[in-house]
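Contents: one structure, followed by commentary.
The values are calculated or read from the model by the stated rules, or taken from the named source; none is laboratory data. Being a predicted model, the structure only gives us computed values, none of them experimental. Don't worry about glycine lacking a Cβ; one is built from the backbone with ideal geometry, like all the others, and counts go over all protein chains shown. Calculation scope for accessible area: heavy atoms of the full protein, side chains included, ligands and nucleic acids excluded. Shrake-Rupley method; radii C 1.70, N 1.55, O 1.52, S 1.80 Å.
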Amino acid sequence: MDYKSFIREVPDFPKPGILFYDITTLLKDPKCLRSIIDDLIKQYEGAGITKVVGMESRGFILASPLAYHLNAGFVPVRKPGKLPSDVFEVQYDLEYGSNSLSIHRDAIQQGEKVLILDDLLATGGTAAATIHLIHQLGGVIAGVGFLVELDGLSGRKKLDGCAVHSLIHYT
């Protein structure tokens, strides 16, 4: 399926000079959504994944159904102040600013195989921060998956040698 034809491109969002790839136009189509999840299942089925981590908030959309299908747990990585118990937190740089992410300290056990999913790989800051959090908990990264990758920003170089899989590439 030609996923790119369903993605809306929004110039100058969230600030001038940024071209935003709006995946909501892709996700609202039932055939596209099913195809995306099926493609991700094919990539990761049988890998022994015990936890699927999704980053706030669009990563939740992909991670939850994949965790369900893989018979794995879903773990949210959230912005500060959103998780109610003890957390690890890390600060990181974005393409257009900086942010922080947190994860519950008891979300992942030592040695668990973890898949990280998000909607977009740009500069790699969010994914690298999430990898750091999972390593703090003793998790083993089984893979890092994305719906969209902006190849020109070389974000995968920040991902600590992890296996990276993206469904859609923009150069």
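For this structure, a couple of remarks:
- Qualifying residue in segment 154-166 (condition: in contact (Cβ under 8 Å) with a residue 60 or more places away in the chain and more than 20 Å from ARG58 (Cα to Cα)): no
- Per-region count, segment 108-138, residues of a type in the set (Ser, Thr, Tyr) and surrounded by fewer than 20 Cβ atoms within 10 Å (Cβ to Cβ): 1
- Some residue of segment 70-85 being of a type in the set (Phe, Trp, Tyr), in contact with a strand residue (DSSP E or B) (Cβ under 6 Å, 6 or more places away or on another chain) and closer than 23 Å to LEU33 by Cβ: yes
- Checklist (1) within 18 Å of ILE23 (Cβ to Cβ); (2) among the charged types (D, E, K, R); (3) open to solvent by 60 Å² or more (accessible area, probe 1.4 Å) applied to ARG105, failing item: (1)
- Filter pass, GLU149 being in a strand (DSSP E or B) and closer than 25 Å to PRO16 by Cβ: yes
- Among the conditions (1) without any contact (Cβ under 8 Å) to a residue 24 or more places away in the chain; (2) open to solvent by 40 Å² or more (accessible area, probe 1.4 Å), the only one that PRO65 does not satisfy is (1).
- Looking across segment 139-155, the residues that are buried (at least 20 other Cβ atoms within 10 Å of the Cβ), closer than 16 Å to ALA128 by Cβ and under 12 Å from the mean Cα position of the chain (by Cα) come down to VAL144, GLY145, PHE146, GLU149.
- Any pair with Cβ under 8 angstrom, 6 or more apart, that starts in segment 70-86 at a residue that is closer than 11 Å to SER100 by Cβ and ends at one that is open to solvent by 80 Å² or more (accessible area, probe 1.4 Å): PRO80/GLU89
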